[in-house]
């Protein structure tokens, strides 16, 4: 009830009161910032809101727009002014975000809003920070903001999302007041010297398919959005057929004819893969990567999985490895090319995707 009703209501009421009370401050202070910054007093940037939806975040400017000879903005520490440092130390640069809160784009307490470009870089767990509206202050901001890694901050953001309550919000607000009084910065918008978050390398593990995976395999086989790019295409199955498929996989695993694995990352089962032709076949091993709940662009999982399968293939002393991929699946084609695979041939119209005949690209790599 608090998360979905009282928190948004309190955000609106408190931000409205704050804007009314601080209106004289905004009227007097905004021209001062304009003079100090020699121009527009506001910094406006697109950030990710609830569910990753972009919105325009508003702050007072603390940096100039100085550029180098090539027209590129200078590093942050060369553009921030003494006045800007004062704004940040007192957290005054954050005050215009009260209008973002009033408009329902932000909350008083929540994970700090980050660049929209980070949305695709979060792993499964980190992406939970987007389940709530971003905040003016947050749990991570009052727990060692600059001394904590991106992963550490996101872990704290997720902790907040999973434990969101009125009492936790009150505690964060009280801690925020302490930070401001001690001049411990709580804003983390464009922090000086902070490197871009480029994504956390996924920790992928491969677990051999077992009889317990019937429900999972059936779920994925019956979802066209999941299987549309898989070798063999989309073929719905009932439970009996799914059990038959899984039992065949388990037998092939034990016989060494092929190896099928469930992909696990961050505690989630996200797909399954196959390495075929390991024993009892003269053909080169063939990879098949089936990402269930995320596609080939998903968090680097497919790349890490492919590298693990290549290592397994090497252990069998194979010299080459092959695969086939639907040509329409451009992210997968690009991924394999980056990993050193080259096109061998293209079979036109070999697979049907959404009722349309699509080409299948056959690729190889020496290992």
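One line per residue, one yes/no per condition, for (1) closer than 14 Å to residue 336 by Cα; (2) assigned by TED's automatic domain parsing to the domain that holds residue 248; (3) modelled with pLDDT of 75 or more; (4) in a strand (DSSP E or B):
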position	(1), (2), (3), (4)
262	no, yes, yes, yes
272	no, yes, yes, yes
275	no, yes, yes, yes
279	no, yes, no, no
282	no, yes, no, no
288	yes, yes, yes, yes
294	no, yes, no, no
298	no, yes, no, no
303	yes, yes, yes, no
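Can you name the condition, by its number, that residue 129 falls short on among (1) at pLDDT below 90; (2) surrounded by 15 or more Cβ atoms within 10 Å (Cβ to Cβ); (3) part of a helix (DSSP H, G or I)?
Only one criterion is unmet by residue 129, namely (1).
Could you figure out which of (1) within 21 Å of residue 103 (Cβ to Cβ); (2) surrounded by fewer than 15 Cβ atoms within 10 Å (Cβ to Cβ) isn't true of residue 11?
(2)
Of the residues that make up the range 7-17, is at least one in contact (Cβ under 8 Å) with a residue 40 or more places away in the chain and either farther than 22 Å from residue 170 by Cα or assigned to a strand (DSSP E or B) (or both)? If you could, list the steps in order and put the result at the bottom.
Narrowing the range 7-17 to residues in contact (Cβ under 8 Å) with a residue 40 or more places away in the chain: 7-8, 10-12, 14-16.
Filter once more, keeping what is either farther than 22 Å from residue 170 by Cα or assigned to a strand (DSSP E or B) (or both): none.
No, because not a single residue in the range 7-17 is in contact (Cβ under 8 Å) with a residue 40 or more places away in the chain and either farther than 22 Å from residue 170 by Cα or assigned to a strand (DSSP E or B) (or both).
Could you tell me whether residue 329 is in contact (Cβ under 8 Å) with a residue 40 or more places away in the chain, out of contact with any strand residue (DSSP E or B) (no Cβ under 6 Å at 6 or more places or on another chain), closer than 21 Å to residue 290 by Cβ and assigned by TED's automatic domain parsing to the domain that holds residue 275? Quick ask: steps written out before the conclusion?
Values: in contact (Cβ under 8 Å) with a residue 40 or more places away in the chain: yes; out of contact with any strand residue (DSSP E or B) (no Cβ under 6 Å at 6 or more places or on another chain): yes; closer than 21 Å to residue 290 by Cβ: yes; assigned by TED's automatic domain parsing to the domain that holds residue 275: yes.
Here the answer is yes, as residue 329 does meet what is asked.
Which residues, counting only those in the range 331-366, are loosely packed, with under 14 Cβ neighbours inside 10 Å and assigned to a loop (DSSP other than H, G, I, E, B)?
Within the range 331-366, 340, 354, 355 meet the criteria.
May I ask you to say which residue of 116, 142, 161 is surrounded by fewer than 18 Cβ atoms within 10 Å (Cβ to Cβ) and modelled with pLDDT under 95?
Details: 142 fails: surrounded by fewer than 18 Cβ atoms within 10 Å (Cβ to Cβ); 161 fails: modelled with pLDDT under 95.
Of the residues listed, the single one that is surrounded by fewer than 18 Cβ atoms within 10 Å (Cβ to Cβ) and modelled with pLDDT under 95 is 116.
Of all residues in the range 224-238 being within 33 Å of the chain's Cα centre (by Cα) and at pLDDT 80 or above, which is nearest to residue 214 (Cα to Cα)?
237
The values are calculated or read from the model by the stated rules, or taken from the named source; none is laboratory data. From a predicted model like this one, the values you see are computed outputs, not experimental measurements. No Cβ is skipped: glycine too gets one built from the backbone with ideal geometry, and neighbour counts run over all protein chains shown.
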